[in-house]
1. To the nearest 20 debye, what is the magnitude of the charge dipole of the stretch 169-238 about its Cα centre, counting +1 on the Cβ of each Lys and Arg and -1 on the Cβ of each Asp and Glu?
2. Answer with one residue from 11, 256, 30: the one whose Cα lies farthest towards the positive end of the charge dipole of the chain, charges on Cβ with Lys, Arg +1 and Asp, Glu -1.
3. Hey, got the dipole for the chain? About the Cα centre, +1 on K and R Cβ, -1 on D and E Cβ, debye to the nearest 20?
4. List the aspartates and glutamates whose Cα sits under 18 Å from the Cα of residue 303, skipping any in the same chain fewer than 8 residues away.
5. For every helix of n ≥ 4 consecutive DSSP H residues, a contribution of -39,500 (n - 2.57) applies; sum these over the chain, divide by its total residues, and give [θ] at 222 nm rounded to the nearest 500 deg cm²/dmol.
6. Dipole of the chain (Lys/Arg Cβ +1, Asp/Glu Cβ -1, origin at the Cα centre): which of 55, 106, 319 lies farthest to the positive side?
7. Hey, with R₀ at 56 Å, roughly what FRET efficiency would residue 40 and residue 221 work out to, going by the Cβ-Cβ distance, to 0.05?
8. What's the ranking of 213-219, 139-145 by average number of surrounding C-beta atoms within 10 Å, highest first?
Amino acid sequence: MKAIDNKELILALEELEKEKGIKKEYVLESIETALVTAYKRNFDALENVKVDIDHNTGVTHVYSIKEVMENANDEVTEISLEEAHKINRDLTIGDSVEVEIVPKDFGRIAAQTAKQVIVQKLREVERDLTFNEYSERKGEIVSGIIQKADRNIVVVDLGRIEGIMLSKEQVPTEKYKVNDKIKAYIVDVERGLKGAPQVMISRSHPDFVRKLLEFEIPEIYEGLIEIKSVSRDAGSRSKVAVYSPDPNIDPVGSCVGAKGVRIQNVINELNGEKIDVIEWDEDPSTYIAAALLPAQILAVDIKESEKFAEVIVPDDQLSLAIGKAGQNARLAAKLTNWKIDIKSETQFKEMMAEKKDEENEEENNE
């Protein structure tokens, strides 16, 4: 019986290897495996089958693997010793032998199967290329068109791939509508179903604000100004600590811009989210006082070992320092990475008076 000749397959795979970098041997091995499955499915075969494709010529051989028996009771899985010796005189009972077969119409099945495998491998390569491309872009801002939007998920068409924005990455005050253009921050790139890459994006991440500032402010992009820290209550307020080693550069002024024009572009992208830009300082007391702006600060007492700061403010500044629902104090603590306890001047004086009374009482008891 004649084997299946397919020189065109080899030429096509060699071309594929040059263009896409898919190894010919890798594809051929996958085709061989797929052909075994195709044979069993199309011919309702119970036998153990092996498919071998010559990697140079493309000639395809199909073998039925049979066990050598004294007398074959099952022609599908067994072969008599007499018939086995016609193939190889050294075979003995219990050995396995490959008997070549050429099933009717198997050439057409083989061609279809090879095509399906090649298409599958091309998809895998495209998925890998896309995964690698967007993995390298992790931490960047991308733009796209909203394809789907509900309470749980927003799907954004990024061009070659879709971006997924889960509810936790959305800004509570923003409304997302299909066909709207949107910018977002690439948080991560994952493997989804069947290995398909999934780009996880965010508009609530603090680093979204960081990257927007880099884009709008050349001094940050060029490294003349450094963003030391960002804390954010997405949709409401952000605090950004900036620093420049060059004494001739005003980091806060450069970020805000003349009449606030630079920072306004970022605020507009964040749909009106307020941004406090403060100057980072290596002295914790100065840094913490700046972080609590716009409140005025009277004094900052720090405990370096505990990273704890007690802040004293004028009575009329207490609510401003704490902020609505504690927002200002909370963002300042996140920004500085210090625990902050805020007290009014009156509260502090009362606390000191109580402490003095306790000390006097202890002295009297002694």
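1. Numbers: 12 positive and 12 negative charges, 78 e Å.
Computed about the Cα centre, the dipole is about 380 debye.
2. 11
3. Numbers: 50 positive and 72 negative charges, 409 e Å.
Computed about the Cα centre, the dipole is about 1960 debye.
4. Once the sequence-local aspartates and glutamates are set aside, what remains near residue 303 is 281, 282, 283, 341.
5. Working: 12 runs with 146 residues, N = 366.
My calculation for the chain gives -12500 deg cm²/dmol from helical runs alone.
6. 106
7. 0.40
8. Descending packing order for the listed peptides: 213-219, 139-145.
Just so you know, all these numbers are worked out from the coordinates, no wet-lab data involved. A quick note: this is a predicted structure, and the numbers were derived from the prediction, not measured. We place every Cβ from the backbone using ideal geometry, glycine too, and count neighbours over all the protein chains shown.
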